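Written below as structure tokens is the structure these notes are about.
Please treat every number below as a calculation from the coordinates, not as lab data. All values reported here derive from a predicted model rather than from experimental measurement. All Cβ positions, even for glycine, are placed from backbone atoms using ideal geometry, and neighbour counts span all protein chains on display.
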């Protein structure tokens with residue numbers, strides 16, 4: 001999939017009020033891709049990869065040294081104010097990183113939640129559970145897309161196809 005998965009559809013205007021998946025479905029209808037086709041699956045992965053990358057940078061940035069970015073991630077992920085009976089004080093990057101340990105989220109869901117002003121609805125306590133969710137929903141994010149964004153890279157897991 002090329003790095004211009006979205007921009008190569010100049011007649012398609014994503015709707016910022018709906019999810020990334022809903023926008024892709026609109027694009028697929030516009031382009032005439034059947035849901036079961038290989039083309040649909042390839043384009044979906046490419047579209048989601050680019051759309052998540054663009055939205056993540058716009059919503060959270062890419063600076064791993066930004067306390068504001070980490071606090072925004074914690075807020076969107078819904079890191080509880082209390083963890084193991086202790087108050088979580090998110091006044092440092094380290095505190096935010098500690099609060100997020102053992103919490104796994106899907107990147108498509110993360111940017112959709114932030115864009116809509118909500119807390120993410122699905123959190124996982126293991127990479128295995130998240131990987132199963134990703135396979136079941138098809139909400140993949142290509143690893144190569146995160147190389148230029150260290151903040152985004154923190155959320156990657158390996159998902160086998162089977």
Exercise. For n ≥ 4 DSSP H runs only, could you compute -39500 (n - 2.57) per run for the chain, divide by its residues and tell me the 222 nm figure to the nearest 500?
Key: -14500 deg cm²/dmol
Quiz item: R0 = 41 Å: FRET efficiency of residue 158 with residue 8, Cβ-based, nearest 0.05?
Solution: 0.90
Practice problem: Could you work out, for the stretch 4-85, what percent of all Cα-Cα pairs fall into each 5 Å distance bin, beginning at 0 Å and stopping at the bin that holds the largest distance? | Solution: 3, 13, 20, 18, 13, 11, 10, 7, 4, 2, 0
Exercise. Give me the distance in nm between label points sitting 7 Å out from Cα along the Cα-to-Cβ direction at residue 131 and residue 98, one decimal.
Key: 2.9 nm
Quiz item: Could you state the per residue volume, in Å³, of the convex hull enclosing the Cα atoms of the stretch 109-162?
Solution: 94 Å³
Quiz item: When the C-alpha atoms of the stretch 20-153 are aligned to their principal axes, what extent does each axis show, in angstrom, from largest down?
Solution: 52, 27, 26
Self-check item: Pairwise label distance in nanometres, residue 59 with residue 18, each label 7 Å out on the Cα-Cβ vector
Solution: 1.7 nm
